[in-house]
Amino acid sequence: MDIARMIITYMFTMASYLWLLRCFNIRLKRVFLILCGLLMVIITGAVCPDELGVGKESYISIRLAFFILFFMIDKKKILSKLESAFWVAIIKDCILLSVEIWIPKELVDQFYNNDRVFFIYIACEFLFIIIIGFVLELGIKLLNQEKILKAGKALDYIIVIGSFTIFACIWFVYKKIIDGEVTELRIKVRACFAAIALLLLEINILYKKWLANRIQKYAKAEHELYETQRNYYNSLLEKESDTKKYRHDMNNHMICIKSLLDEGKYEDLQNYIDNLYDYTNFLVNKSQKTGNSILDALTNYYADSMDKDVEFKLKGMIAKPIDIDEISLSSIYSNMLVNAIEAQTHIPPQKERYIHVSLKEGDKFAQLIVRNAMENESIANLEQIETTKLDKENHGFGLVNIKKNVAEHNGSLIIEAEDYEFCIKATLPLVANQC
């Protein structure tokens, strides 16, 4: 067995692994193990008999390189280490196989029989992996968030095409077996294993795609909730600033009131007090209180964003914690308010526009009720309410999201629409008292 060939194969294979690990930003530890692997290669080449056959030196060196790679990857769990090592190794092998399959047999024979050709061949393989890895790394760095999403969608089509191609190869082998051209048991076992592996791969891809969509929706909802809370806290700071100014000017207001009273200017005094009352009432009502920080943020945010001629009223509080995560609660309540606000834009000018919110709290459940004026006297089919926006593809999911989130958290939903009023009631469980 040629020890020099084993050392060259090991070093080039390990260098390829290290380069791909760097390109995919996978951390390493215990780099000194590379030298331990090299020592194992030398010992194996020295003690193993030559009867193992030509080409076995490369096979053994590659396997030893993978073994060392496994222990070098900086992962705490064994399965994570094995997964990372496996993917790096299979990426390297796929890159090489896609090229090596086109190499003439005469050159392959020279590869095994001529040391110079062997060295050049291994060096070219390593150079090719360096180029591919560099291109992949550069492509990842150049992608911004928007491009990543587009690339992900394009990759879905590539995966479908690739899976179909793999299936076609498996089908080709299957036909050979059925036609009796292939009778070896090991070929049948490998073909069966490949078909099952492809099936599991497709199931995994579909699951990861579904999970990615869920995470994307969750991240979007979390961002919207953050923005709403930020606006709410800014409004609280603004209110606090206005209140400080009001307290600062109160002494001046008292002086003006006393002066108008002493001079007997009762009409001017009445106007002054009315204006002062309106401003005081504005400060008092500027911040809505619901008893729940998420509901506070959303109520104040949407109350400030709606038209001034829309009558908005809030009644009741929910002091107990609701047994639902913040994102889902935000989705339910915000969609209720957004739908109500959207409905007000279609009310004719001569009709009253209003949104009334009621919050009720019981022993085990809380209820969010939103009543609002609507354009039509009633709605015949409440199960098929559509958005009035032109972009129906990206809108009209408000009620769907409300129903979905309420059902997932063991709540109930009631929708009514009659006498020109739309009413939606969401009943949600409260956190049980811990005795």
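The values are calculated or read from the model by the stated rules, or taken from the named source; none is laboratory data. Because the structure is a prediction, the values reported are computed rather than measured. Ideal geometry is used to build each Cβ from the backbone, glycine not excepted, and the neighbour counts take in all protein chains shown.
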Query raised in the report: Do you know which of the residues in region 35-66 that are of a type in the set (Gly, Ala, Ser) and either surrounded by 11 or more Cβ atoms within 10 Å (Cβ to Cβ) or under 14 Å from Ala15 (Cα atoms) (or both) is modelled with the lowest pLDDT?
Result: Gly55
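One line per residue, one yes/no per condition, for (1) outside any helix (DSSP H, G or I); (2) under 19 Å from Ser412 (Cβ atoms):
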position: Asp296; (1), (2): no, no
position: Asp309; (1), (2): yes, no
position: Phe312; (1), (2): yes, no
position: Ile324; (1), (2): yes, yes
position: Ser331; (1), (2): no, yes
position: Val338; (1), (2): no, no
position: Glu342; (1), (2): no, no
position: Pro348; (1), (2): yes, no
Query raised in the report: Only one of (1) touching a helix residue (DSSP H, G or I) at 6+ places or on another chain (Cβ under 9 Å); (2) closer than 14 Å to Cys423 by Cα fails for Ala343. Which number is that?
Result: (1)
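For region 392-408, state whether one or more residues are more than 27 Å from the chain's Cα centre (by Cα) and either surrounded by 11 or more Cβ atoms within 10 Å (Cβ to Cβ) or at pLDDT below 85 (or both).
no
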**Report entry** Criterion: on the phi < 0 side of the Ramachandran plot and at pLDDT below 80 - qualifying residue of Ala195, Ala168, Ala219
**Finding:** Ala219
